[in-house]
Amino acid sequence: MKVVLTESADAGAELVAERILTALRAKPELVLGLATGSTPLGVYARLRAACARGEASFKHVRTFNLDEYLDLPAEHPQSYRHFMREHLFDGLDMPREHAFFPPTEGNDLLRRCQAYEDRIVAEGGIDIQLLGMGRNGHIGFNEPTSSLRSRTRIKTLDERTLKDNARFYAEGEPQPVLAVTMGIGTILDARKILLQVTGAKKAKAVQEVVEGPVSSFFPASALQLHPRVEAFVDPPAAALLRMRDYYATTRGYELKLDAEGRL
Ligand code: F6R
C-alpha cells in the first residue's frame, strides 16, 4: 500500500480527483467504483467542476456504487442513489443509465447481487475504486469480521457505523440497519484503489489497516493484499502511524495504461 501523507483533507481530495481525471483523459470509457459519505465530497466537487469547465467528459464512463441501504427508496434523502445524484451525477454529463447500484429493493436479492457482480465484469471490471473508511475499518459496508473474500451481499451494520450515521436522521426517524454492499473480494478485483481517510477519529483504524496484520477485524487491512492501492491520509488521521517519516519520503507515481489500454 502506498501511503500518501497529505497536508489537509482538501489536498487529498485534489490528488484523488487528479488521479481520476488523468485516468479519464487516457481512457474515456473508464469504469469507476464509487463511495458515499463525507470523505469523497471534495473529490466529487472537483469532478463536477472539471466537467462544468469542459475539461472532462463522463459521457462514456460507467459507475458502480459500493453500497446502498436495504429497502430505502431511491427518492429517500438518505438513500445513496439520492446522495450520488445530489453530489455528483447531477453535475456530470454521464447518462443516468451508466450508473449502477447494488440491488436493495424487491425480491430475489441473492440472485440480483450476483447479477451486480456479473454486470461489473460485463462492463470490463472496475478501473478505479474510490474508498472511504469507517472508524471501525470498514470499507463499503464490510463491517469487522466480514470475509476477506466476500462478494456483493446483505450486511448488518455495526453499532459504531449506525452511531456515526445517526446524524443524518431526524430524532425518531427509523434508521436502516441492513445494507447491500460489494464484498471485500469485489473491491479487491478493481485494478486500482484510491482510499482517502481524514480526521482524528479514524487514526486508530488507519494505523491498524496500514501497519497492522491483515485481519477481518479491520476489513480495510485486506487492501494490503492488493498491488495498486494509494491511501491518502490527512494529518489527524495519520497521527498514530509509526512509519510517517518513511511515507513522507516516498515518491508518488502516475497511473499508466498498458498497451491494451488497461490501467
Ligand atoms: C459508503 C462507504 C463507507 C464510507 C465510510 C466513511 O459508501 O463506502 O465505507 O466510506 O463509512 O464514511 P465518511 O466518509 O462519512 O466518514
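The values are calculated or read from the model by the stated rules, or taken from the named source; none is laboratory data. Owing to the predicted nature of the structure, the values given are computational and were not obtained by experimental measurement. For neighbour counting, all protein chains shown are included, and Cβ atoms are generated from backbone atoms with ideal geometry for every residue, glycine included.
Of the residues making up region 25-67, those that are under 22 Å from ARG153 (Cβ atoms) and in contact with a strand residue (DSSP E or B) (Cβ under 9 Å, 6 or more places away or on another chain) are VAL31, LEU32, GLY33, LEU34, ALA35, THR36, ARG62, THR63, PHE64, ASN65, LEU66, ASP67.
Just to confirm my filter: which strands (runs of 3 or more DSSP E) fall fully inside region 26-136 and include at least 1 residues that are more than 13 Å from the ligand (Cβ to nearest atom)?
Hits in region 26-136: 31-34, 62-65, 128-131.
Answer with yes or no whether GLY140 is crowded, with 18+ Cβ neighbours inside 10 Å and within 12 Å of the ligand (Cβ to nearest atom). It is true that GLY140 is crowded, with 18+ Cβ neighbours inside 10 Å and within 12 Å of the ligand (Cβ to nearest atom). Identify, from the list ARG135, ARG96, the residue that is crowded, with 18+ Cβ neighbours inside 10 Å and of a type outside the set (S, T, N, Q). After applying the criteria, what remains is ARG135. Put simply, of LEU178, LEU130 the only residue that is surrounded by fewer than 21 Cβ atoms within 10 Å (Cβ to Cβ) and in contact (Cβ under 8 Å) with a residue 40 or more places away in the chain is LEU178. Out of all the residues in region 72-84, is one or more touching a Lys or Arg at 6+ places or on another chain (Cβ under 8 Å), surrounded by fewer than 18 Cβ atoms within 10 Å (Cβ to Cβ) and more than 25 Å from THR22 (Cα to Cα)? Yes. Among the helices (runs of 4 or more DSSP H) confined to region 142-232, the ones with at least 2 residues that are of a type in the set (A, V, I, L, M) and at pLDDT 95 or above are located at 184-188, 203-211. Could you list all residues from region 233-242 that are assigned to a loop (DSSP other than H, G, I, E, B) and crowded, with 22+ Cβ neighbours inside 10 Å? Once the filter is applied, which keeps residues that are assigned to a loop (DSSP other than H, G, I, E, B) and crowded, with 22+ Cβ neighbours inside 10 Å, region 233-242 yields only ASP234. Given the condition within 22 Å of ALA11 (Cβ to Cβ) and charged (D, E, K, R), answer yes or no: does some residue in region 175-190 qualify? Checked region 175-190: no residue is within 22 Å of ALA11 (Cβ to Cβ) and charged (D, E, K, R).
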